[in-house]
1. Could you give me the residue pairs with C-beta distances under 6 Å whose first residue belongs to the range 307-334 and is farther than 13 Å from H105 by Cα, whose second residue is surrounded by fewer than 16 Cβ atoms within 10 Å (Cβ to Cβ) and polar (S, T, N, Q) wherever it lies, and which are 6+ apart or on separate chains?
2. Go through the range 192-202 and report how many residues are at pLDDT 95 or above and within 14 Å of the ligand (Cβ to nearest atom).
3. Inspect all residues belonging to the range 152-160 and state whether any of them is under 26 Å from D113 (Cβ atoms) and within 13 Å of the ligand (Cβ to nearest atom).
4. So which of V292, V288 ends up being touching a strand residue (DSSP E or B) at 6+ places or on another chain (Cβ under 9 Å) and more than 17 Å from I257 (Cα to Cα)?
5. Quick check on my filter: what residues within the range 290-315 are within 14 Å of the ligand (Cβ to nearest atom) and aromatic (F, W, Y)?
6. Name the residue, out of T155, T227, T166, that is assigned by TED's automatic domain parsing to the domain that holds A303, more than 28 Å from Y299 (Cα to Cα) and surrounded by 13 or more Cβ atoms within 10 Å (Cβ to Cβ).
7. Being within 13 Å of the ligand (Cβ to nearest atom) and part of a loop (DSSP other than H, G, I, E, B) is the filter; apply it to the range 162-187 and report the residue that is nearest to E213 (Cα to Cα).
8. Looking at the structure I just gave you, is I279 assigned to a helix (DSSP H, G or I), closer than 21 Å to S191 by Cα and within 16 Å of the ligand (Cβ to nearest atom)?
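The values are calculated or read from the model by the stated rules, or taken from the named source; none is laboratory data. None of the values given here were measured: they were computed from a predicted structure. Ideal geometry is used to build each Cβ from the backbone, glycine not excepted, and the neighbour counts take in all protein chains shown.
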Amino acid sequence: MKEKLKVLEQEALKALEATGGPQEVDRLRTQYVGRKGAVTLCLRKMSDLPPEDRPEVGRLANEVKTRLELAFKDAIEGLEKERKMPAEALDVTLPGRPVARGRLHPITQITQDICEIFLRLGFEIVEGPDVELDYYNFEALNIPKDHPARDMHDTFYVSENTVLRTHTSPIQVRVMEKQSPPVRVIAPGKSYRVDYDISHTPMFQQVEGLMVEENISFGDLKGILTTFVHQMFDEETSLRFRPSFFPFTEPSAEVDIRCVICRGKGCRVCSHTGWLEVIGAGMVHPAVFEMVGYDTDRYTGFAFGMGIERITMLKYGIEDIRRFYENDIRFLEQF
Ligand code: PHE
């Protein structure tokens, strides 16, 4: 019996070595250690042996059975691994997956360009709150409660005395309250008005400018804005100042630039006028200076404000302002 067990084990291992697939291994397993397998039968026949031989032969039979079971198990696992290998292979020669590069929103880019130009002109960048007191947004800018100019701004009211600022001009007042002249600041920021169409979104962005010193004249305003337009667009872009009205500046002007699309010939973008309105500006109204306690005999200054979307639209030939805020990656990827 002992001999027989040894032979069976050798035979089984040899057969196992020659197998090609998992079914064959399975068949061998049944043949040797299955319920009616050769080794199993040996164990069952233990009772035919003389009692003194049983412990030794029994132990051997059990050992052979355990070893063979392990060998079959290993063989099946090995084959399984081999089968999976090609599918899980790592091809290190494949090119890497490109990582999509992020970029700044076009409005952010143009805001930075605008700020850089004014920084070079000696202006400082300041900011103010989006949720603003009625006082700063209107009252201190010479727009009292019943002033018809309030109708120009379709205001989002947060409460009776709090609004979403309708322009960046309240920052002028906040700056002047805190510091005395000379003042030379620009203030980029979001503004809000109840409006939504091809050229208006309820949230839009402006850059405010303010310069106050002794002897500041309308000529300084023209000089600064001309330099700005030449650097933002090009030297050939001429400007024109048209009389206008803002409660917080006097005199006030709308600043037009030669149409950057048709160069003044007349096109759809400039409504065939050859000019584009891009900046609101003027000399700071003495009433505003009085609100912040500036000496109106000593100081004069100018202020201006422009819509950043408008500048960006002209720069890139975009016709619908709403594109900026739809988060369409196909649109944004172009900048
Ligand atoms: N705040 C004005 C607007 O939003 C623009 C402006 C700013 C005009 C500063 C004059 C001076 O229309």
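1. Matching pairs, first to second residue: I321/S199.
2. The total comes to 2.
3. no
4. On the way: V292 fails: touching a strand residue (DSSP E or B) at 6+ places or on another chain (Cβ under 9 Å).
Residue meeting the stated conditions: V288.
5. F302, F304, listed by residue number.
6. None of the other options fit; the residue is T155.
7. Within the range 162-187, the match that is nearest to E213 (Cα to Cα) is S169.
8. Criteria not met by I279.
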